[in-house]
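Enquirer: Mind having a look at this structure? Questions to follow.
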Amino acid sequence: MFVKETTKGMRDILPRESEIREYLLTKMKKTYGSFGFSQIETPCVEHIENLTSKQGGDNEKLIFKILKRGEKLTVGAENANVDELVDSGLRYDLTVPLSRYYSNNASNLSLPFKAMQIGPVWRADRPQKGRFRQFVQCDIDILGDPSNSAEIELITATSTYLESIGIGGVTIVINDRRILAAMARASGFAEENFSQVFIILDKYDKIGEAGIEKELLESGYDAACVAKYMEIFRGAMAADDRFAYLKDALGECCEEGVIDNLLEIVGAVDVISGGRFNLSFDPTLVRGMGYYTGVIFEIKSEDFKGSSIGGGGRYDNMIGNFTGQKTAACGFSIGFERIVAALVEKNFKPEGTAQKTAVLYDKRMSTSDLALMQKAAMEARADGKIVLVQKMNKNVGFQKQKLEADGYAKFIDIRYPDEMAKLCEI
């Protein structure tokens with residue numbers, strides 16, 4: 001018995017949404033292309049060793065694993081656990097595949113290399129509203145540039161794209177993983193505990209300052225360390241100039257030049273955009289992926305209250321895991337599915353979309369009359385119009401409702417041969 005529903009966590013995309021998706025992707029490729037990003041593609045399947053390299057955070061728990069095939073599976077199945085039967089998996093993001101791609105093809109690529117990668121990824125997550133097991137990610141990355149010009153260009157390109165599709169009230173929130181480490185170091189936390197401290201801090205939006213302090217103490221950390229950490233944290237959040245406050249509070253605990261680097265990025269983006277793009281420094285920003293090594297950023301928007309619509313940062317160590325040689329890398333990813341869902345809900349109509357006309361004809365019309373209809377439609381299409389020629393259903397009202405949902409705004413009904421003159425209205 002065949003099953004008509006999609007597999008759990010997957011979904012079908014209807015024509016109206018597909019049109020919006022195509023518009024957003026076309027606009028994205030044009031915008032990022034104008035900045036010199038080159039579109040690349042990587043396979044959906046990666047070696048399991050790459051996907052379980054301890055850099056993907058919680059995403060590594062959500063991998064769709066693929067069993068060995070043929071004789072390899074048969075021979076290994078007798079005395080093996082499940083992990084021993086797996087040799088590959090579906091990618092859970094585009095950053096790990098990009099790092100492997102670059103390490104494999106670097107000799108044929110320019111340096112720095114500016115990559116644009118758009119494609120589906122898979123995570124065995126618990127399905128819920130707005131969260132699926134297959135979704136599209138849209139990334140831009142700059143590889144081989146250790147200077148902050150990489151961050152500046154990524155932030156500028158992403159902001160330009162969001163502006164072009166009408167996303168309002170955008171703020172790029174920035175921080176640096178080295179500032180997070182310096183705050184923990186200045187408070188007396190042991191370095192091996194930094195990651196756990198970051199995980200707790202990452203809950204700030206949900207549990208607030210009091211919740212952060214409570215959870216740190218409940219995790220068994222020294223009360224004096226927690227008190228110092230909260231003192232630095234509260235001071236930074238309350239300061240009129242957070243950069244200046246942290247520079248003074250962290251002193252030698254923070255790597256030289258880190259805070260000045262953020263100041264340079266903010267200033268440069270402001271100059272480039274003429275003040276149109278808003279950047280905000282937030283010392284609570286963590287980003288969950290374990291591979292980030294420096295500047296991190298996240299997109300907030302008034303149109304998407306309570307959730308980010310993208311993020312990224314610098315990950316200078318990942319490519320070196322493949323090549324043995326450190327390679328600077330920085331990337332930004334757009335929350336494509338979240339943006340699409342919001343625009344569908346608003347009944348968004350892509351700009352520049354030609355009017356869609358449906359010519360509906362009665363089933364009694366002759367083949368020669370139908371040929372004339374199609375000829376008129378072909379002439380209109382040559383002028384850039386969208387014309388559908390379709391036989392009338394019994395319930396023509398319901399038929400038109402469905403076509404209207406697909407964006408058809410004009411209807412020409414032809415029931416008799418003497419109504420063929422209506423074709424001039426196309």
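Enquirer: Hey, does segment 346-359 have a residue that's of a type outside the set (S, T, N, Q), open to solvent by 20 Å² or more (accessible area, probe 1.4 Å) and in contact with a Phe, Trp or Tyr (Cβ under 6 Å, 6 or more places away or on another chain)?
Expert: The initial filter retains those residues of segment 346-359 that are of a type outside the set (S, T, N, Q), namely 346, 348-352, 354, 356, 358-359.
With the extra rule that they be open to solvent by 20 Å² or more (accessible area, probe 1.4 Å), the set shrinks to 346, 348-349, 351-352, 354, 356.
Still in the list and also in contact with a Phe, Trp or Tyr (Cβ under 6 Å, 6 or more places away or on another chain): 356.
Looking for residues that are of a type outside the set (S, T, N, Q), open to solvent by 20 Å² or more (accessible area, probe 1.4 Å) and in contact with a Phe, Trp or Tyr (Cβ under 6 Å, 6 or more places away or on another chain), one finds at least one in segment 346-359, hence yes.
Enquirer: Continuing with this model, one more query. Touching a Leu at 6+ places or on another chain (Cβ under 6 Å), of a type outside the set (Ser, Thr, Tyr) and in contact (Cβ under 8 Å) with a residue 60 or more places away in the chain: which single residue out of PHE297, PHE332 fits that description?
Expert: PHE332
Enquirer: Another one. For segment 150-220, please list each of the helices (runs of 4 or more DSSP H) lying entirely inside it that holds at least 3 residues being open to solvent by 10 Å² or more (accessible area, probe 1.4 Å), modelled with pLDDT under 90 and under 30 Å from ALA342 (Cα atoms). Lay out the reasoning, then the answer.
Expert: Numbers: elements: 177-186, 194-201, 204-218.
Of the helices (runs of 4 or more DSSP H) lying wholly inside segment 150-220, those with at least 3 residues that are open to solvent by 10 Å² or more (accessible area, probe 1.4 Å), modelled with pLDDT under 90 and under 30 Å from ALA342 (Cα atoms) span 204-218.
Enquirer: Sticking with this structure for a sec: In segment 288-401, which helices (runs of 4 or more DSSP H) lie fully inside it and hold 2 or more residues that are under 28 Å from LYS129 (Cβ atoms)?
Expert: Working: elements: 318-323, 336-345, 367-382.
Helices (runs of 4 or more DSSP H) meeting the threshold: 336-345.
Enquirer: Further question on the same structure: Residues of segment 155-195 being more than 24 Å from SER301 (Cβ to Cβ) and among the acidic types (Asp, Glu), which ones?
Expert: Selection gives GLU191, GLU192.
Enquirer: Here's another thing I want to ask about it. Could you tell me whether any residue of segment 228-250 is farther than 28 Å from GLU264 by Cα, of a type in the set (Phe, Trp, Tyr) and surrounded by 14 or more Cβ atoms within 10 Å (Cβ to Cβ)?
Expert: So the first thing to find is which residues in segment 228-250 are farther than 28 Å from GLU264 by Cα, and the list is 228.
Applying the additional criterion that residues be of a type in the set (Phe, Trp, Tyr) yields none.
No, that holds for no residue.
Enquirer: To continue, here is another question. Kindly list the number of the only condition in (1) at negative phi; (2) surrounded by fewer than 18 Cβ atoms within 10 Å (Cβ to Cβ) that fails for GLY130.
Expert: (1)
Enquirer: From ARG11, ARG16, grab the single residue that is in a helix (DSSP H, G or I) and at negative phi.
Expert: Checking each option against the conditions leaves just ARG16.
Enquirer: Does segment 264-283 hold any residues that are under 18 Å from MET237 (Cβ atoms) and either assigned to a helix (DSSP H, G or I) or open to solvent by 20 Å² or more (accessible area, probe 1.4 Å) (or both), and which are they?
Expert: Within segment 264-283, VAL266, LEU279, SER280, ASP282 meet the criteria.
Enquirer: Does any residue of segment 126-147 turn out to be touching a Gly at 6+ places or on another chain (Cβ under 6 Å), touching a residue at least 24 places away in the same chain (Cβ under 8 Å) and among the aliphatic types (A, V, I, L, M)?
Expert: no
Enquirer: Return the pair list, or none, for Cβ contacts closer than 8 Å from residues in segment 364-386 that are farther than 14 Å from GLU419 by Cα to residues that are not hydrophobic (A, V, I, L, M, F, W, C), at least 6 apart or on different chains.
Expert: Listed pairs, sorted by first residue: ALA380/THR357; LYS385/GLN355; LYS385/THR357; ILE386/GLN355; ILE386/LYS356; ILE386/THR357.
Enquirer: Do we have GLU302 as more than 23 Å from SER99 (Cβ to Cβ), modelled with pLDDT of 90 or more and not aliphatic (A, V, I, L, M) here? Working first, answer last.
Expert: Values: more than 23 Å from SER99 (Cβ to Cβ): yes; modelled with pLDDT of 90 or more: no; not aliphatic (A, V, I, L, M): yes.
Taking the combined requirement at face value, the residue does not satisfy it.
Enquirer: For PHE348, are the conditions met, namely being under 28 Å from GLU17 (Cβ atoms), of a type outside the set (Gly, Ala, Ser) and at pLDDT below 90?
Expert: So PHE348 fits the description; yes.
Enquirer: Further, regarding this structure: Taking the condition of being open to solvent by 20 Å² or more (accessible area, probe 1.4 Å) and either within 26 Å of GLY211 (Cβ to Cβ) or free of Cβ contacts under 8 Å to residues at least 40 places away in the same chain (or both), how many residues in segment 251-263 meet it?
Expert: Matching residues across segment 251-263 total 6.
Enquirer: Within segment 78-128, track down each residue that is touching a helix residue (DSSP H, G or I) at 6+ places or on another chain (Cβ under 9 Å) and part of a loop (DSSP other than H, G, I, E, B).
Expert: Hits for segment 78-128 are ARG91, TYR92, ASP93, LEU109, PRO112, ARG123, ALA124, ASP125.
Enquirer: So MET1 passes all but one of these: (1) in a loop (DSSP other than H, G, I, E, B); (2) open to solvent by 40 Å² or more (accessible area, probe 1.4 Å); (3) modelled with pLDDT of 95 or more. Which condition number does it fail?
Expert: (3)
A quick yes/no check of all residues on (1) open to solvent by 60 Å² or more (accessible area, probe 1.4 Å); (2) modelled with pLDDT of 95 or more; (3) touching a strand residue (DSSP E or B) at 6+ places or on another chain (Cβ under 7 Å):
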site	(1), (2), (3)
ASN50	no, no, no
GLN55	no, no, no
ASN59	no, no, no
LEU62	no, no, no
GLY76	no, no, no
ASN79	yes, no, no
LEU90	no, yes, yes
THR95	no, no, yes
TRP122	no, yes, yes
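Enquirer: While we're looking at this one, here's another question. Any residue at all in segment 314-331 that's out of contact with any Cys (no Cβ under 7 Å at 6 or more places or on another chain), under 26 Å from GLY168 (Cα atoms) and surrounded by fewer than 20 Cβ atoms within 10 Å (Cβ to Cβ)?
Expert: There is no residue in segment 314-331 that is out of contact with any Cys (no Cβ under 7 Å at 6 or more places or on another chain), under 26 Å from GLY168 (Cα atoms) and surrounded by fewer than 20 Cβ atoms within 10 Å (Cβ to Cβ).
Enquirer: Pairs, please: C-beta under 6 Å, at least 6 apart or cross-chain, first residue in contact (Cβ under 8 Å) with a residue 40 or more places away in the chain and in segment 226-246, second among the polar types (S, T, N, Q) and not in a helix (DSSP H, G or I)?
Expert: Between residues of segment 226-246 that are in contact (Cβ under 8 Å) with a residue 40 or more places away in the chain and residues that are among the polar types (S, T, N, Q) and not in a helix (DSSP H, G or I), the close pairs are LYS228/SER187; TYR229/SER187.
Enquirer: For segment 26-44, how many residues meet the condition of being surrounded by fewer than 16 Cβ atoms within 10 Å (Cβ to Cβ) and of a type in the set (Val, Ile, Thr)?
Expert: The total comes to 1.
The values are calculated or read from the model by the stated rules, or taken from the named source; none is laboratory data. Note that the coordinates shown come from a computational prediction; the quantities given were computed from them, not determined experimentally. Cβ coordinates were reconstructed from backbone atoms using ideal geometry, including for glycine residues, and neighbour counts include every protein chain displayed. Note: areas computed on protein heavy atoms with side chains; ligands, DNA, RNA excluded. Shrake-Rupley method; radii C 1.70, N 1.55, O 1.52, S 1.80 Å.
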